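Step one of this worksheet: look at the structure below.
The values are calculated or read from the model by the stated rules, or taken from the named source; none is laboratory data. As the structure is a prediction and not an experimental result, all values here were calculated from the model. Cβ sites come from the backbone with ideal geometry, for glycine too, and all protein chains shown count toward neighbours. All accessible areas refer to the heavy atoms of the entire protein, side chains included, with ligands and DNA or RNA removed. Shrake-Rupley method; radii C 1.70, N 1.55, O 1.52, S 1.80 Å.
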Amino acid sequence: MSLTDQQKIDLFDRIWQEYVSTHGLGGMAKSDFDALLLWEYAQALQTADTFRLSAIFRIRESRAKSLLESAAIKFGQLTEAEAWTQLLAALAQVDYHVESVEKGQMRFHLKTPLLFRHLQNQARLVDDSLSFNAASEYVVGNLSTLYRILDRCWEEGMFGQEWQGKRLEQARQNIRAIIGNIGQQIAENHLEALKSRKKSKLPAILEYGSKLSGIGSFIKGLLDSAS
């Protein structure tokens with residue numbers, strides 16, 4: 001993957017700003033410079049494909065992942081609104097699977113792992129956490145937690161003044177798609193059978209989700225269809 005002349009200029013400008021203007025020549029640790037270089041290259045080509053990046057930079061894929069994660073924190077310039085715009089768009093495209101009927105957990109492949117920290121932060125704000133396997137890039141979490149996060153994202157101004165208008169409407173469309181995809185997975189796994197299992201938390205979670213102020217009506221449809 002080669003850069004255009006303009007991309008090369010922009011990449012040099014960013015490196016100059018961070019490596020020289022901000023830290024002074026030699027003031028940045030080599031590991032941070034490596035992270036910066038990999039990050040800016042990935043940003044220029046709009047890719048987070050660590051397999052391809054590891055081949056280009058001739059490093060292990062695990063190191064490419066580590067450098068990108070470090071750079072996202074140190075050099076990332078996304079606002080919360082921008083991060084969640086990307087995250088909800090990504091979550092609307094993934095497949096959801098019932099990880100545990102008894103615990104009411106779902107599993108999905110997060111194809112934008114650099115954004116996981118934003119997802120985890122919202123989970124913590126509702127007094128829970130999600131597990132992320134860096135190797136498989138799968139996230140496992142309680143469905144009620146996912147519903148609560150989506151309900152928070154539904155609110156106008158949740159991520160500042162940017163979270164309104166067309167951006168919010170697009171986010172809400174993605175939230176509807178996410179709820180629909182989760183609901184389809186549950187329906188395909190025979191909701192009636194799940195409801196008959198005494199140890200299953202899933203029906204109670206659906207009942208809880210249907211009462212949420214923002215997204216409840218979309219979940220209620222799934223619950224009513226199994227009545």
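Overview of results
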quantity: Qualifying helices (runs of 4 or more DSSP H) (wholly inside the stretch 13-119; at least 3 residues being open to solvent by 30 Å² or more (accessible area, probe 1.4 Å) and either touching a strand residue (DSSP E or B) at 6+ places or on another chain (Cβ under 8 Å) or more than 30 Å from LEU150 (Cα to Cα) (or both)); calculated: 30-45, 50-57, 61-74
quantity: Every residue from the stretch 3-12 that is within 22 Å of LEU78 (Cα to Cα) and either touching a Pro at 6+ places or on another chain (Cβ under 9 Å) or open to solvent by 60 Å² or more (accessible area, probe 1.4 Å) (or both); calculated: GLN6, LYS8, ILE9, ASP10, PHE12
quantity: Test: residue in the stretch 43-57 that is small (Gly, Ala, Ser) and under 16 Å from the mean Cα position of the chain (by Cα); calculated: yes
quantity: Residue count, the stretch 120-151 (criterion: in a strand (DSSP E or B) and not polar (S, T, N, Q)); calculated: 5
quantity: Within the stretch 135-180, tally of residues that are touching a residue at least 24 places away in the same chain (Cβ under 8 Å), small (Gly, Ala, Ser) and closer than 26 Å to SER100 by Cβ; calculated: 5
quantity: Which numbered condition LYS166 misses (of (1) open to solvent by 20 Å² or more (accessible area, probe 1.4 Å); (2) under 16 Å from LEU88 (Cα atoms); (3) within 15 Å of the chain's Cα centre (by Cα)); calculated: (3)
quantity: Any hit, the stretch 48-60, residues being under 20 Å from THR112 (Cα atoms), modelled with pLDDT under 85, aliphatic (A, V, I, L, M) and out of contact with any Lys or Arg (no Cβ under 7 Å at 6 or more places or on another chain); calculated: yes
quantity: The one condition in (1) of a type in the set (Ser, Thr, Tyr); (2) more than 21 Å from SER136 (Cα to Cα); (3) touching a residue at least 60 places away in the same chain (Cβ under 8 Å) that TYR96 fails to fulfil; calculated: (2)
quantity: Check on ALA123, more than 22 Å from ASP49 (Cα to Cα) and either in contact with a helix residue (DSSP H, G or I) (Cβ under 7 Å, 6 or more places away or on another chain) or acidic (Asp, Glu) (or both); calculated: yes
quantity: Some residue of the stretch 151-159 being in contact with a strand residue (DSSP E or B) (Cβ under 6 Å, 6 or more places away or on another chain) and surrounded by 15 or more Cβ atoms within 10 Å (Cβ to Cβ); calculated: no
quantity: Matching residues, the stretch 120-142, being surrounded by fewer than 15 Cβ atoms within 10 Å (Cβ to Cβ) and among the hydroxyl-bearing types (Ser, Thr, Tyr); calculated: SER129, SER131, SER136
quantity: Test: residue in the stretch 9-26 that is closer than 27 Å to ILE175 by Cβ and acidic (Asp, Glu); calculated: no
quantity: Residue check, ALA29 touching a helix residue (DSSP H, G or I) at 6+ places or on another chain (Cβ under 8 Å) and either farther than 17 Å from ARG117 by Cβ or not acidic (Asp, Glu) (or both); calculated: no
